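Notes follow once the structure below has been shown.
The values are calculated or read from the model by the stated rules, or taken from the named source; none is laboratory data. What you are looking at is a predicted structure, and each value in this text was computed from that prediction instead of being measured. So basically every Cβ, Gly included, is an ideal-geometry build from the backbone, and we count neighbours across all protein chains shown.
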């Protein structure tokens, strides 16, 4: 199937129409910022945004999810038996996801889909999702996607790419999943030559503006111990308050913690999986009371080493960062991964 | 306040050179507009990284906890009150501190600025010396605003702009704001029906992601292990169940009762814009009404929940 063009006047109807086949997630303005929300009655999608405040990683990894439930009541025949929380994951489409965030799913997938381990929760959701990207006409000052393996109109991880042509969206299918979605859309017409030209012009224009370059080219060849022992970590970590803003907003941070939440009367429990953060002391606290990363400097170093060195070495396929710039923008104390990458690269 | 920068560098240099302090805690200019980064300087040759303007919104007192060296530290009115509280609570030793007082005219509310430019990208914010106006620049636009209209909410109602405890001031004291009605917002909530009040709180925390930026930005939160991180027993669930999130916010606020200086660092740090000060402010108001107490004004008196006085109100005992 070829690309389609949708006028902005019909766009709301197009999204609405997709609801027959998909659970549709759209950017919604909530106070000062946007987030992805399911399109329900009364939801007002808003595509006037640079990026959403929270990354869309919750689509495959909700901040909290119940994995199992159980009873501890010994009088029950199923006492102490973990019962899986059956989840219905209908086909879903996320519309308006930025290319950087879509690429992030590919990076995170390396952890949830390995030859040895397949995470059913993550994979089920991932496979059920169609990613409809929206090219970035106006990349943020804080982003550096082009230095992080992505780009304002990058297609990796997307099923459809939308170009915002001002009064219309050009929708280019990139995969079978994307074609299937476009086939289900009402309205629109086949993209003409003029629209394509406009889209190409847009891509060139944005590329011409150039996003900030961050050097990561020497990270692979650096000695891991030398980086670990680098003299700058204490200075880098000084201002850190060890909150979870960077990791929770990050589209490529995927660490989680598994916790049992038990209540009395009746004695039942839920086994929960919650986002966790390497910034928190509890992240590495052992049952013995020992904490191998007890200082904030160690924790800050871990975050950057993990993203910018350990992953680089492990997969030999770039950094575990897509350059979305959220951590740069919202770190309460202005710790800037761009500056730290430069420091590490230059050591 | 940008004109303080030179003087701050000069003072820090002298203190480090003369060995009065081993390290100096201040701010450096941030890599992002309206975000400055706390910094520690040890070498007098490095003092030029120090910077001051109306975007120094984190509370530097955070960085004193657990230090055993001699440190110089910048302190605005509220920051100095937190340092006093730290000293009273044995988290810092006054003898080892050299407090450089910064008479403060308030921190710019970066969210309000973003709103005022209708969410457009901001590439630079330039503050005029004297600091009454600042200019916001972005792709294809430039707008100048009056700082007084864009103060952080806590700064707009601040009654202690000048440091209360210091060894030296970077400039003459600034006039304190008169006839400030600090608690109008709290009164509005107090007057709500219980259900409306509850709805207000639920709405307020609905976007919370439990990142604990509010807690960690607060100099009062120095416990080695916070109650939310305890696992034996576990006081609070770790999911984003509203009951757990609410428990966290309320208990955090109560732990700050009689200690909070309304510095605004918590609200500034929140990545999802929760009005966290609404919780602590109610308790600040109670402390004024019940104990005639504002935190951190003197090294000689202990916070009200820490002492017993015969004249403490006891109307609640019936």
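Among helices (runs of 4 or more DSSP H) lying entirely in region B:181-241, which contain 2 or more residues that are in contact with a helix residue (DSSP H, G or I) (Cβ under 7 Å, 6 or more places away or on another chain), within 9 Å of chain A (Cβ to nearest Cβ) and modelled with pLDDT of 95 or more? Full working, then the answer.
Numbers: elements: B:184-190, B:194-205, B:213-216.
Output list reads B:213-216.
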### Query
Which residues, counting only those in region B:266-292, are touching a residue at least 60 places away in the same chain (Cβ under 8 Å) and within 14 Å of chain A (Cβ to nearest Cβ)?
B:267, B:268, B:269, B:271, B:272, B:273, B:274, B:275, B:276
### Query
Can residue A:104 be described as modelled with pLDDT of 95 or more and under 15 Å from the mean Cα position of the chain (by Cα)?
yes
#### Entry: Residues satisfying the stated conditions in region B:124-142, i.e. loosely packed, with under 14 Cβ neighbours inside 10 Å and within 27 Å of residue A:209 (Cβ to Cβ)
B:124, B:135, B:139, B:140, B:141, B:142
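Kindly establish whether residue B:46 is within 14 Å of residue B:8 (Cβ to Cβ), outside any strand (DSSP E or B) and either without any contact (Cβ under 8 Å) to a residue 60 or more places away in the chain or within 11 Å of chain A (Cβ to nearest Cβ) (or both). So that I can check it myself, show each step before the final result.
On the way: within 14 Å of residue B:8 (Cβ to Cβ): yes; outside any strand (DSSP E or B): yes; either without any contact (Cβ under 8 Å) to a residue 60 or more places away in the chain or within 11 Å of chain A (Cβ to nearest Cβ) (or both): yes.
Against the criterion (within 14 Å of residue B:8 (Cβ to Cβ), outside any strand (DSSP E or B) and either without any contact (Cβ under 8 Å) to a residue 60 or more places away in the chain or within 11 Å of chain A (Cβ to nearest Cβ) (or both)), residue B:46 qualifies.
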### Message
Conditions first: (1) more than 30 Å from residue B:64 (Cα to Cα); (2) buried (at least 19 other Cβ atoms within 10 Å of the Cβ). Residue B:193 passes all but one, so which condition is the exception?
### Response
(2)
### Task
Select from region A:198-242 the residues that are touching a strand residue (DSSP E or B) at 6+ places or on another chain (Cβ under 7 Å) and closer than 27 Å to residue A:279 by Cβ and write down the one among them that is surrounded by the fewest Cβ atoms within 10 Å (Cβ to Cβ).
A:238
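Residue under question is residue B:219, and the condition is that it be without any contact (Cβ under 8 Å) to a residue 24 or more places away in the chain and over 15 Å from residue B:249 (Cα atoms); does it hold?
For residue B:219, the condition - without any contact (Cβ under 8 Å) to a residue 24 or more places away in the chain and over 15 Å from residue B:249 (Cα atoms) - is not met.
Quick check on region B:42-52. Is at least one of its residues under 16 Å from the mean Cα position of the chain (by Cα) and assigned by TED's automatic domain parsing to the domain that holds residue B:94?
So the first thing to find is which residues in region B:42-52 are under 16 Å from the mean Cα position of the chain (by Cα), and the list is B:52.
Applying the additional criterion that residues be assigned by TED's automatic domain parsing to the domain that holds residue B:94 yields B:52.
Yes, region B:42-52 has at least one match.
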### Those residues of region A:11-58 which are surrounded by fewer than 18 Cβ atoms within 10 Å (Cβ to Cβ), within 12 Å of another protein chain (Cβ to nearest Cβ) and part of a loop (DSSP other than H, G, I, E, B), in sequence order
A:31, A:32, A:46, A:48
### Summary
residue B:38: passes all of (1) touching a residue at least 12 places away in the same chain (Cβ under 8 Å); (2) surrounded by fewer than 20 Cβ atoms within 10 Å (Cβ to Cβ); (3) at the interface with another protein chain (Cβ under 10 Å from one of its Cβ atoms) but (2)
### Residues of region A:59-86 that turn out to be in a loop (DSSP other than H, G, I, E, B), more than 20 Å from residue B:237 (Cβ to Cβ) and free of Cβ contacts under 8 Å to residues at least 60 places away in the same chain, as a count
8
### Task
Just one of (1) under 30 Å from residue B:58 (Cα atoms); (2) in contact with a helix residue (DSSP H, G or I) (Cβ under 6 Å, 6 or more places away or on another chain); (3) more than 13 Å from chain B (Cβ to nearest Cβ) trips up residue A:228, so point out which.
(2)
### Query
Any idea how many residues of region A:174-208 are part of a helix (DSSP H, G or I) and under 20 Å from residue A:11 (Cβ atoms)?
12
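Run down A:303, A:293 and say which single residue is over 18 Å from the mean Cα position of the chain (by Cα) and not assigned by TED's automatic domain parsing to the domain that holds residue A:50. Walk me through how you get there before you give the answer.
Working: A:303 fails: over 18 Å from the mean Cα position of the chain (by Cα).
Of the residues listed, the single one that is over 18 Å from the mean Cα position of the chain (by Cα) and not assigned by TED's automatic domain parsing to the domain that holds residue A:50 is A:293.
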### Message
Let me confirm something: among A:85, A:73, which residue is touching a strand residue (DSSP E or B) at 6+ places or on another chain (Cβ under 7 Å), within 14 Å of chain B (Cβ to nearest Cβ) and at pLDDT below 95?
### Response
A:85
### Query
In the list A:79, A:128, which residue meets the criterion of being within 29 Å of residue A:259 (Cβ to Cβ), touching a strand residue (DSSP E or B) at 6+ places or on another chain (Cβ under 8 Å) and at pLDDT below 95?
A:79
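Say we look at region B:106-147 and pick out the residues that are away from chain A (no Cβ under 14 Å) and outside any strand (DSSP E or B); which of these is nearest to residue A:48 (Cα to Cα)?
Among residues in region B:106-147 that are away from chain A (no Cβ under 14 Å) and outside any strand (DSSP E or B), the one nearest to residue A:48 (Cα to Cα) is B:147.
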